[in-house]
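The structure appears right after this line, and notes come after that.
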Amino acid sequence: MAVDVLLGLQWGDEGKGKIVDVLSAGYDLIARFQGGPNAGHTLEFDGKKFVLNTIPSGIFFENTMNLIGNGVVIDPITLKKELEKLKAAGHDLLAKKNLLIAKKAHLILPTHQLLDAANEKKMGDGKIGSTLKGIGPTYMDKTGRNGLRIGDITLPDFKERYQKLVDKHVSMLQALYGEVADFSERETAFFEALELLRRFPLVDSEHLVNNYIKQGKKVLAEGAQGAMLDIDFGSYPFVTSSNTTAAGACTGLGIAPQQIGEVIGIFKAYCTRVGGGPFPTELENETGEELRQTGHEFGATTGRPRRTGWIDLPALKYAIMLNGVTQLVMTKADVLSGFDKIYACTHYNYLGEKIDYMPYDICSVSPEPILKEIDGWNEDITGITELSEIPAKLQSYIDYLEAELGVPVKYLSVGPDRKQTLVMH
Ligand code: GDP
Ligand code: IMO
Ligand code: MG
């Protein structure tokens, strides 16, 4: 099977960028299949740190091609900034010729961001806590069959098409929210950014990916967000607007399900969430703050403090089921070093009943977590490179999780750097 899929099993920020980077050398193509600049994927190596929003995390390897797939929504302004930052750091992707963009990927317009902000404002306390990148409104236009795609930027009437959609957005904003902020500067930046994007290969990516497959090359589909933010199966409506689960790799790249090989699911040794919505194991106390500070749990995209809590096994089991996960990656185990006791949520107390699954009405009825106490390991593990150095208590935490989840932990991440990764099996 030619295509492996790597995705987050929690509410995002599990460390996908780091692990894709670690695995990239073994693949010919890294392809993002959904989401947009709501994502912030962090990579660290050689003392340098990069945060990628739209660009796949395989760009630092010589022989690896990268594709922004059709399922992704692209904000040209953000993408231009990402490209410029990378160029300034010595990674000119135009010169390296290692980035391709799917013609069928949809465009985020400046007015999509205004709509996102207006929607959020209207919802007040019940807001989703979106990243305000225009994700929801762009996917709405995609499914509403109004969207503009990257391939359209080469059409002679692109400006008219753009204007037609903007006029619609402006009348929506006026009718629903009464005001329309001035977006002329962003509009200028948008068109400037398109000039840069035109210089990249805009491709029929479904053919390209399938040609890779035919030639026996290896493809890794890089997910954004996490399973619990999936539009269908996440904690709706507190979700993002795309299918973050494995099926999204098929629609987001144009590949058949039987081409999928390994499904690599990433989770943190604990749990975080940014934005609103249910989070059964959340710790709104000193322990939560300690996890936030030790784990540097602040959004890579928005800088917002991430909510923190213990690992949630019913949610993880659900994510593993939905995705058909074949290998697990546990990240940030080092953050738990120093905790005498750690906890795992094994079940929920849901209206007086002990259940081991996520209830449908999780947003209205807050299930209480039933926690199992686990011994912590009081050792710094950030420098370990051999399996024999793994503290016994960490190993028994991993053994416990493998037994509960029924999938092997293939990689263990013990720090943000590329090198701080152990292959377990
Ligand atoms: P992504 O969105 O899934 O790619 O994850 P983010 O980059 O948003 O957040 C993960 C954060 O944790 C980043 O700052 C990473 O550099 C960092 N990170 C990844 N793995 C580890 C790890 O094993 N230990 C520690 N301490 N940090 C990690
Ligand atoms: P990565 O790929 C964490 C969250 C937002 C909000 C909800 C909807 O870095 O893991 P949106 O802007 O998508 O309409 O926001 O989803 N969210 C993320 N949380 N990591 C992400 O991406 C996220 N992308 C969106 O905080 O709650
Ligand atoms: Mg992130």
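The values are calculated or read from the model by the stated rules, or taken from the named source; none is laboratory data. None of the values given here were measured: they were computed from a predicted structure. All Cβ positions, even for glycine, are placed from backbone atoms using ideal geometry, and neighbour counts span all protein chains on display. Ligands, DNA and RNA are excluded from the accessible area calculation, which covers all protein heavy atoms including side chains. Shrake-Rupley method; radii C 1.70, N 1.55, O 1.52, S 1.80 Å.
Descriptive notes on the structure:
- Accessible area per residue for segment 185-331, computed on protein heavy atoms with a 1.4 Å probe, is 38 Å².
- Extension gain, residue 51 to residue 217, is 57.0 nm, computed as 0.36 nm per intervening residue step minus the present C-alpha separation.
- Taking all pairs of distinct alpha-carbon atoms in segment 314-425, Kirkwood radius in angstrom: 15.4 Å
- Evaluated with a Cβ-only charge set (Lys, Arg +1; Asp, Glu -1), the chain carries a dipole of roughly 1460 debye about its Cα centre, given to the nearest 20.
- Rg and Dmax [Cα atoms of segment 130-250; Å; Rg one decimal, Dmax integer]: 17.5, 55
- Each of 130, 51, 249 was scored by the projection of its Cα onto the charge dipole of the chain, and the greatest displacement toward the positive side belongs to 249; charges sit on the C-beta of Lys, Arg, Asp and Glu.
- Selection from 178, 156, 42, by position along the positive dipole direction of the chain (Cβ): 156
- FRET efficiency, residue 174 to residue 207 (Cβ-Cβ, R0 56 Å, nearest 0.05): 0.85
- Segments 34-41, 271-278, 162-169 sorted - mean Cβ within 10 Å per residue, highest first: 34-41, 271-278, 162-169
- Axis of helix 76-88 versus longest Cα principal axis of the chain: the two differ by about 70°, to the nearest ten degrees.
- Expected-Rg normalisation [2.2 N^0.38 Å, Cα atoms] applied to segment 293-346: 1.34
- Semi-axis lengths (Å, descending) of the ellipsoid that matches the C-alpha gyration tensor of segment 222-287: 27, 14, 8
- With all protein chains in place and a 1.4 Å probe, the accessible surface of the chain carries 51 percent carbon and sulfur.
- DSSP beta bridge pairing in the chain, given as percent antiparallel to the nearest 5: 40 percent
- Hypothetical label at residue 152: residues of segment 84-117 whose amide nitrogen lies under 13 Å (7 Å Cα-Cβ projection): 104-112
- Cα-only radius of gyration and Dmax that characterise segment 32-187, units Å: 16.8, 52
- Eigen-decomposition of the gyration tensor built on the alpha-carbon atoms of segment 10-50 gives equivalent ellipsoid semi-axes of 17, 15, 9 angstrom, largest listed first.
- The stretch between residue 256 and residue 341, if pulled fully straight at 0.36 nm per residue, gains 26.1 nm over its current Cα-Cα span.
- Folded to 0 to 90 degrees: helix 110-123 orientation relative to the chain principal axis, Cα: 50 degrees
- Centre separation in Å (Cα based) which lies between segment 360-390 and segment 70-86: 35 Å
- In the chain, one over the average inverse separation of all distinct C-alpha pairs is 22.1 Å, which is the Kirkwood hydrodynamic radius.
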